[in-house]
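*Asks:* Have a look at this one before I ask anything.
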Amino acid sequence: MRMKVDELLCTGHGRCAKFAPGVFTLDDAGFNTAAGETVDVPAGQEDDATKAMKACPERAISLAD
Amino acid sequence: MAKVNVDELVEQNDPETTPERLVERFGRDFFRDFDIDDPNLNEHFHEVIDLMVQKCPVAHSKVGTGYYVFSSEEAVRRIGQDWQTFSSAKGYIPNRPDDQPLMIPVEQDPPNHTSWRRALNPHMSPQVMEGIKDDVAREVNLLIDKFIDRGECEFISEMAGLLPGRAFFIYVLGVPVDDLPELVHDVDKSLFGPLDQRTTYHKKVYDYLEAFLKKRKDMPPQGDIVDTILKGVTYKDGNEAPWDHQVSVVLDLTYGGISTTIYALGSTARHLADHPDQRQQLLDNPEWIENSVEEFVRAYSPVVAMGRTCMKDVEVEGVSLKEGDYVMMGFSGAGRDPRTIDNPKELNFEEPTVHHATFGVGPHRCIGSHLARMELAVFIREWLKRIPHFRVKPGTKPVYETGFLRAMSSLMLEWD
Ligand code: HEM
Ligand code: HEM
Ligand code: SF4
């Protein structure tokens, strides 16, 4: 499973790192460190990542491919 | 103002939404002539908001020059994110007097807004707030110490009204502790005091914070948010942000966080007092507390609505808006939108994914959201440890006020 994080939409709500700390991390300003990139969701963390995707108030996270 | 026939937006022939029925039920037709300051809204708040988001997600107001209130979560998100089309630079409340100075950064657009947020965000991140969690827990317990043996408290004046000010002024801004009682009192009076005194108290708070900033200018840097504000930012035109913008940032941080967090604490305490079963869930599963915070702020959004000015003609949810029209994002409705949330009137602590717009969306996303979340979670945890069971004192009624913010001014609680 791969997810992309939209650089323009991410405004640092930080919900992603709360729900999927093994997938998403925050930079010093509290923004998703993968903003503008696509991340490989590690095996076994798909549920967490999906929760994070749904919780993002900006809908900045989406499934890639 | 673009011509909108609200009747076309409201389902035809629905007996629940005729002007007559709305006036009979709520004292006003809030669909066709919304007024955020009408006392009838305060009186029937959730009934009006819930009916609006379901049946009239684009309400029309004829107050002043008129405005629209969009309350579906999708429309709120679209307006908040598209700052080029929906500008903050003409104020976040409708019919704003021209002579009022704009607040920074909340009434500013990118790129100048971005300069401030980039500078300020690192001081308000989840990681930083994690670091002051224990201090806030101590504050909660000190406040509880003062009334726990009495078996009752007036929650707003003895807890909710004090905690956000203390947390922000001591641990974020670093105001001398000796100055706090007066400062917190003055902030309270500027928000909830007699109407004719609010401006005086606001001026007092402004003067205090400006003097505090000036004093810090002459002191060695401490690497905190005050140094960042004093360092300032360079605007797009190459000029440094002026002094009054620097002071405005401190005021925005202060006023953005006080009333909003007081209401979030008050509505949380009231919900837990009225729902013993849900209180028990949190006592049994303290790991659900952080999720419960999201549910409390979703269902009881402290900010009812904030506005934007259209910079060009644009269509939203089938409504043709004209350049210059004023639109409001109805955050209270968006958190209770049945299109995004199953059973929006129920609070569900177990299911962790909660999607809401209570802290705003887009570049103005609440900078204090991580502080507020942390305060609420710490409050719930510490309170339930010491006062696991409590109720609204029989014979009393919680008192609310409503404008662009939902506020609570009295909540009597008691326990055995
Ligand atoms: C539960 C508590 C809170 C709620 C519901 C809340 C809600 C909001 C909302 C909806 C906005 C967006 C405004 C817009 O789109 O125009 C906002 C912005 C803001 N909030 Fe909060 N807030 C809360 C707590 C705080 C705290 C604790 C602070 C400060 C310590 C704070 C400071 C601010 C500031 C400075 C802005 C303007 C940000 C900008 O324009 O970039 N808020 N808040
Ligand atoms: C530079 C920033 C700000 C300044 C200078 C400012 C100024 C003021 C003033 C002068 C009042 C008192 C109005 C009166 O006399 O009745 C007031 C009230 C209020 N402000 Fe602000 N404000 C700022 C930012 C904010 C923000 C960001 C929020 C919320 C997100 C907010 C929420 C409130 C609330 C809830 C009231 C009380 C309204 C009422 O009781 O009717 N303020 N503010
Ligand atoms: S939840 Fe969304 S907006 Fe917030 S940091 Fe994560 S990706 Fe960015």
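The values are calculated or read from the model by the stated rules, or taken from the named source; none is laboratory data. Computed from a prediction, not measured in an experiment: that's the story for all the values here. Because the Cβ atoms are built from the backbone with ideal geometry, glycine has one as well, and the counts that use them run over all protein chains shown. Accessible surface is based on the protein model in full, side chains and every heavy atom, while ligands, DNA and RNA are left aside. Shrake-Rupley method; radii C 1.70, N 1.55, O 1.52, S 1.80 Å.
*Asks:* Each residue of the stretch B:325-342 in turn: what ³J(HN,Hα) in whole Hz from Karplus with 6.51, -1.76, 1.60 and θ = phi - 60°, glycine and Pro shown as x?
*Replies:* With the stated coefficients, the stretch B:325-342 comes to 5, 10, 10, 10, 8, x, 5, 4, x, 4, x, 10, 7, x, 6, 9, 10, 6 Hz.
*Asks:* Pull up the cross-link candidates among the lysines for B:Lys214, meaning alpha carbon to alpha carbon under 17 Å and not fewer than 8 places away within one chain.
*Replies:* Those lysines meeting the cut-off are B:Lys203, B:Lys204, B:Lys231.
*Asks:* Now for a separate question. Counting only protein heavy atoms and using a 1.4 Å probe, what share of the accessible area of chain B belongs to carbon plus sulfur, as a whole percent?
*Replies:* 51
*Asks:* If you take the accessible area of A alone plus B alone and subtract the pair, what total do you get in square angstrom, rounded to 100, with a 1.4 Å probe?
*Replies:* 1700
*Asks:* What Kirkwood radius, in Å to one decimal, follows from the Cα pairs of the stretch B:1-156?
*Replies:* Over the stretch B:1-156, the inverse of the mean reciprocal pair distance is 19.6 Å.
*Asks:* Moving on. Simple spin-label model, 7 Å along Cα-to-Cβ: B:Glu182 to B:Lys397 in nm?
*Replies:* In this crude spin-label approximation the distance works out to 3.9 nm.
*Asks:* Name the residues of the stretch B:347-372 whose accessible area, probed at 1.4 Å, falls by at least 40 Å² once all protein chains are in place instead of their chain on its own?
*Replies:* Listed in order, they are B:Pro352, B:Thr353, B:His355, B:Arg365.
*Asks:* With a/c under 1.5 counting as rounded, go ahead and sort chain B into rounded, prolate or oblate using the C-alpha gyration tensor (a ≥ b ≥ c being the square roots of the eigenvalues; past the cut-off, prolate if a/b is larger than b/c, else oblate).
*Replies:* oblate
*Asks:* In chain B, if the dipole is taken from +1 on Lys/Arg beta carbons and -1 on Asp/Glu beta carbons about the Cα centre, which of B:Leu22, B:Ser410, B:Ala59 is farthest to the positive end?
*Replies:* Comparing the listed Cα positions along the dipole, B:Ser410 ranks first.
*Asks:* Collect residues whose amide H, placed 1.01 Å from N in the peptide plane, falls under 5 Å from the amide H of B:Arg406; neighbours closer than 5 in sequence don't count.
*Replies:* Close amide H contacts, sequence-distant or interchain: B:Val303, B:Val304.
*Asks:* Let me ask another. When the distances between all Cα atoms of the stretch A:2-63 are binned every 5 Å from zero, what whole-number percent does each bin get?
*Replies:* Calculated P(r), rounded to whole percents: 4, 24, 37, 26, 8, 1.
*Asks:* Students often forget the sequence filter, so: which aspartates and glutamates lie under 13 Å Cα-Cα from B:Lys217 once same-chain residues fewer than 8 apart are removed?
*Replies:* Cα-Cα hits under 13 Å: B:Asp227.
*Asks:* What percent do you get for the relative contact order of chain B when only Cα pairs under 8 Å and 6+ apart count?
*Replies:* It rounds to 26 percent for chain B.
*Asks:* Would you be so kind as to identify which of B:Leu163, B:Leu143, B:Ser125 lies farthest towards the positive end of the dipole of the stretch B:118-179, taking Lys and Arg as +1 and Asp and Glu as -1 on Cβ and the Cα centre as origin?
*Replies:* B:Ser125
*Asks:* Here is a further query. If the cut-off is 18 Å between C-alpha atoms, which lysines fall inside it for A:Lys51, apart from same-chain ones fewer than 8 positions away?
*Replies:* Answer for A:Lys51, where 18 Å is the Cα cut-off: A:Lys4, A:Lys18, listed by chain and number.
*Asks:* State in Å² the accessible area per residue of the protein assembly as shown; use a 1.4 Å probe, count heavy atoms of protein chains only, and round to the nearest integer.
*Replies:* Normalised by residue count, the accessible surface of the protein assembly as shown is 43 Å².
*Asks:* Moving to a separate point now. For B:Lys322, B:Lys397, what's the largest-to-smallest order of accessible area, 1.4 Å probe?
*Replies:* Sorted by accessible area, descending: B:Lys397, B:Lys322.
*Asks:* Using the Karplus equation 6.51 cos²θ - 1.76 cosθ + 1.60 (θ = phi - 60°), what ³J(HN,Hα) coupling, rounded to whole Hz, does each residue of the stretch B:219-224 give in order, writing x for Gly and Pro?
*Replies:* With the stated coefficients, the stretch B:219-224 comes to 9, x, x, 10, x, 9 Hz.
*Asks:* Percentage of Cα-Cα pair distances in the stretch B:229-384 greater than 21 Å, rounded to whole percent?
*Replies:* Tail of P(r) above 21 Å: 56 percent of Cα pairs.
*Asks:* In addition: Can you pick out the pairs among B:Lys133/B:Lys385; B:Lys55/B:Lys397; B:Lys90/B:Lys312 whose Cα atoms lie more than 18 Å from each other?
*Replies:* Going by Cα-Cα distance, B:Lys55/B:Lys397 fall outside the 18 Å limit.
*Asks:* Through the Karplus equation 6.51 cos²θ - 1.76 cosθ + 1.60, θ set to phi - 60°, convert the phi angles of the stretch B:392-403 into ³J(HN,Hα) values in whole Hz; use x for Gly and Pro.
*Replies:* 5, 4, x, x, 10, 10, x, 10, 10, 10, 9, x
*Asks:* Would the stretch B:246-290 count as rounded, prolate or oblate if I go by the C-alpha gyration tensor, calling it rounded below 1.5 in a/c and otherwise prolate when a/b exceeds b/c, oblate otherwise?
*Replies:* Cα axes put the stretch B:246-290 in the oblate bin.
*Asks:* Right, next: Would you calculate a helix-derived [θ] at 222 nm for chain B, using -39,500 (n - 2.57) for each DSSP H run of n ≥ 4 and dividing by the full residue count, to the nearest 500?
*Replies:* The helix-only estimate for chain B comes to -13500 deg cm²/dmol at 222 nm.
*Asks:* Now, a different point. Rounded, prolate or oblate: which one fits the protein assembly as shown, using the alpha carbon gyration tensor with axes a ≥ b ≥ c (rounded when a/c is under 1.5, else prolate when a/b beats b/c, else oblate)?
*Replies:* rounded
*Asks:* Here is a further query. List the residues of the stretch B:47-94 that lose 20 Å² or more of accessible area once all protein chains are present, compared with their chain alone (1.4 Å probe, heavy atoms only, no ligands or nucleic acids).
*Replies:* Residues meeting the cut-off: B:Arg77, B:Gln81.
*Asks:* Considering only protein heavy atoms and a probe of 1.4 Å, how much of the accessible area of the stretch A:2-63 is carbon and sulfur, as a whole percent?
*Replies:* 49
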